[in-house]
Every structure is written in C-alpha cells, then in structure tokens.
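The values are calculated or read from the model by the stated rules, or taken from the named source; none is laboratory data. Just so it is clear, the structure is predicted and the values come from calculations on it, not from any experiment. Cβ atoms come from the backbone with ideal geometry, glycine included; neighbour counts cover every protein chain shown.
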C-alpha cells in the first residue's frame with residue numbers, strides 16, 4: 001500500500017477479508033479505516049508508519065507485525081488470534097481482544113490501550129507503556145529471560161504505568177530499564193507507582209538506570225506494592241558509625257553469654 005513517492009498518504013475506508021499473506025506499507029501516511037475480517041494469519045510489513053482506525057474482527061486469524069516502522073491500533077480490535085510483534089513498534093491505543101500478545105526479539109509493544117489477554121515478552125522483546133509516557137493495561141504479563149520492561153519518567157506525576165489485572169511473572173535475566181525524559185531529575189523522597197497487579201511472581205534482577213544527582217534508585221518494594229522510590233544514600237561517616245555500633249553490640253552480647 002502506497003509508495004515512497006507518496007508524500008501526503010491516503011486512507012483506505014474499505015472492508016477487507018485478510019486471508020494470509022503479507023500487506024506491505026511502502027509509503028507514508030497510510031491508514032486503514034474500513035472494517036476488516038481476519039480469516040487467517042496475516043502479516044503487516046510496515047516500512048512506513050501505519051495506523052489502523054477501523055475494526056479488525058475474525059474468529060480464527062492472528063496478526064503479525066514486521067518492519068521497523070510504527071504500527072498503531074487506534075480503535076478496539078476483536079480478532080481472536082495471537083498478535084505477534086517481530087520487528088518495530090506496535091502501539092495498542094484502544095482495546096485488543098483475542099489471544100496473547102507475543103513480543104519477540106526485535107519487537108516493542110507500547111501504547112495506552114487495554115489488552116484482554118497476556119503480554120508475553122520473549123528474549124529481545126521490549127514492553128514500553130505509552131507512546132511517550134502512558135498507561136498500558138493487560139490481563140497478565142510474562143517477562144522471559146532477556147526481555148525488557150522500559151518505564152519512562154517525565155515528572156513526579158507523569159510517568160509510565162503497567163496495570164495488570166492478574167499476575168506479573170518475571171524470569172531470572174529479565175531487565176527493568178528506567179528512562180528520564182526532557183531533562184527530568186528525580187529527588188530523594190520521590191516515588192512512582194509504576195506497576196499494579198494482583199500477584200507478582202519472581203523478581204527483576206537486572207536494572208538499567210540513569211545516574212541520579214542525589215540519592216539512589218530503590219526497587220525493594222516493586223514486587224509488593226509496584227512502587228519505585230528514590231532514597232537517600234547514607235553518608236560514609238554514618239555507615240562507619242553503624243558498623244562500629246554493630247560491632248560493639250556484638251562484643252557486649254558475647255561477653256554477656258560468657
């Protein structure tokens with residue numbers, strides 16, 4: 001659809017039966033506003049940004065996202081199959097029914113929509129709520145070894161959130177990445193309620209975070225309350241005092257026992 005010679009793009013208001021194969025987006029500004037029926041698994045090769053503003057339904061087929069450009073689902077989608085993100089970014093900005101969303105190596109899931117089923121982030125896959133900051137909702141989420149959850153912070157009140165109705169499951173080797181936007185620098189005492197869930201299984205054990213001008217990142221409550229904090233770093237003298245007090249208390253106890 002389209003070609004590199006197109007400069008203004010165009011909309012397709014027609015109804016389509018998507019019966020497999022590849023739909024290639026080869027020009028800028030293309031959108032699909034017609035109501036379509038996904039009969040069998042169909043691949044969208046997005047060489048340019050592409051927006052779907054019409055509903056895609058269907059009782060069996062799934063959707064595959066290839067290509068480095070951004071593909072946006074702007075209205076509720078009701079097709080029943082899996083959604084596979086192999087390359088580039090898929091923004092879910094409305095409701096998405098159907099089966100799981102599989103984020104494969106090279107793919108990124110974003111947006112501020114509501115996914116009925118499970119987000120499954122595989123090795124090399126990235127989940128990044130919003131299209132800048134924003135809230136992404138899903139039924140459940142799984143982060144496998146080598147996958148990434150990227151959370152952007154713009155201010156104390158404007159940041160990414162991942163809201164999960166059921167459980168978040170994190171395998172060893174999954175990465176949590178924090179990105180600060182527009183020069184924002186958190187202060188000691190700031191906290192960000194970035195995750196909401198009914199149950200949290202596992203722990204993020206790898207972190208990629210920007211350097212703070214004061215304090216340090218505190219992830220200790222992430223798996224219990226979903227809150228990320230910035231806490232003060234004890235002064236070296238305070239650490240020495242704590243160490244000496246602890247040693248003195250241990251000696252006193254030892255003498256008491258003797």
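Residue 135 meets the conditions (1) touching a residue at least 40 places away in the same chain (Cβ under 8 Å); (2) surrounded by 17 or more Cβ atoms within 10 Å (Cβ to Cβ) in every case but one. The failed one is (1).
Scanning the stretch 148-157 for residues that are touching a strand residue (DSSP E or B) at 6+ places or on another chain (Cβ under 9 Å) and either closer than 21 Å to residue 98 by Cβ or surrounded by fewer than 19 Cβ atoms within 10 Å (Cβ to Cβ) (or both) yields 150, 154, 156.
Within the stretch 83-117, if we keep just the residues that are over 16 Å from residue 67 (Cβ atoms) and touching a residue at least 40 places away in the same chain (Cβ under 8 Å), the residue that is surrounded by the fewest Cβ atoms within 10 Å (Cβ to Cβ) turns out to be 113. Evaluated against (1) surrounded by 15 or more Cβ atoms within 10 Å (Cβ to Cβ); (2) under 23 Å from residue 231 (Cα atoms); (3) touching a strand residue (DSSP E or B) at 6+ places or on another chain (Cβ under 7 Å), residue 197 falls short on exactly one condition, (2). Quick check: anything in the stretch 228-248 at pLDDT 95 or above, more than 20 Å from the chain's Cα centre (by Cα) and not in a loop (DSSP other than H, G, I, E, B)? Within the stretch 228-248, one or more residues are at pLDDT 95 or above, more than 20 Å from the chain's Cα centre (by Cα) and not in a loop (DSSP other than H, G, I, E, B).
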